[in-house]
1. Could you pull out every residue, at least 5 positions away or on a different chain, whose amide H is within less than 5 Å of the one on F48? Hs are placed 1.01 Å off N in the peptide plane, and Pro or chain starts have none.
2. Looking at the chain, what % of the alpha carbon pairs are farther apart than 30 Å?
3. Could you give the length gained on full extension between R135 and D122, defined as 0.36 nm per residue of separation minus the Cα-Cα distance, in nm?
4. On a 0 to 90 degree scale, rounded to 10, what angle separates helix 77-91 from the longest Cα axis of the chain?
5. Count charges around L46 for me, please; just the other residues with Cβ under 14 Å from its Cβ, Lys/Arg as +1, Asp/Glu as -1.
6. In square nanometres and to one decimal, what's the mean projected area of the convex hull around the Cα atoms of the range 10-105?
7. With contacts defined as alpha carbon pairs under 8 Å and 6 or more residues apart, what's the relative contact order of the chain in percent?
8. Please work out the FRET efficiency for the pair S31 and I2, using the Cβ-Cβ distance as r and a Förster radius of 30 Å; give the result to the nearest 0.05.
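The values are calculated or read from the model by the stated rules, or taken from the named source; none is laboratory data. Nothing here was measured: the structure is a model prediction, and the numbers come from that model. Here the Cβ is made from the backbone with ideal geometry for all residues, glycine too, and neighbour counts use every protein chain on show. For the accessible areas, the whole protein counts, side chains as well, though only heavy atoms, and no ligand, DNA or RNA atoms are used. Shrake-Rupley method; radii C 1.70, N 1.55, O 1.52, S 1.80 Å.
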Amino acid sequence: IIDDMGRQRVSPEAVFNRWIVPLEEKQDYLSLGAGRHFGSPFDVLLVFSTNLSPLDLADEAFLRRIGYKIQLPHLDSDQYGEIWRGWCEDLGIPFDADVLDYAVSSLHRRHGVPLLPCHPRDLLGMALDRTVYTRQPRYVTREVLDWAWDNYFVQTYEVDDRNSLTGERS
């Protein structure tokens, strides 16, 4: 599995070019330091994952050589809620349906942030970190969730006419 394809130090084309022949021929050719070459069976399932557009990684002709491309769509609120509940259980914190509804309706929808599977883990984990740091009960409230949200997502700031900062979420 090559995770976050397109974020390596080498170009996506170089990574793809390294694997495309062994994938097609079911044989890889390796070189030893002394210049000797040998073949090795190559019967694997190679998986690339990315949140970039495939067309930003390679051209259409190259992408045709990679058989399956499976897009994982954003979650719906029920799926998101299942993951949220699971993370509450894993983190040993009470599940609060009102806080979940607040996260979906007042945070995600209001700010136009899609429901991704990583968000419950990350937001709840940060909120829990905050409660531990401030020596509060291990319980996620709207206020603690707001704090986690503001720290998790990038904000841009603009100076208004009165020379004060106003925040806009990007």
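1. Result for F48 returns I2.
2. Counting every Cα pair in the chain, those more than 30 Å apart make up 45 percent.
3. Taking 0.36 nm per residue and subtracting the Cα distance, the gain is 2.7 nm.
4. With both axes taken from Cα atoms, the answer is about 80 degrees.
5. -1
6. Average of the hull's projected areas for the range 10-105 equals 10.6 nm².
7. This gives 15 percent for the chain.
8. Efficiency, from the Cβ-Cβ distance: 0.90.
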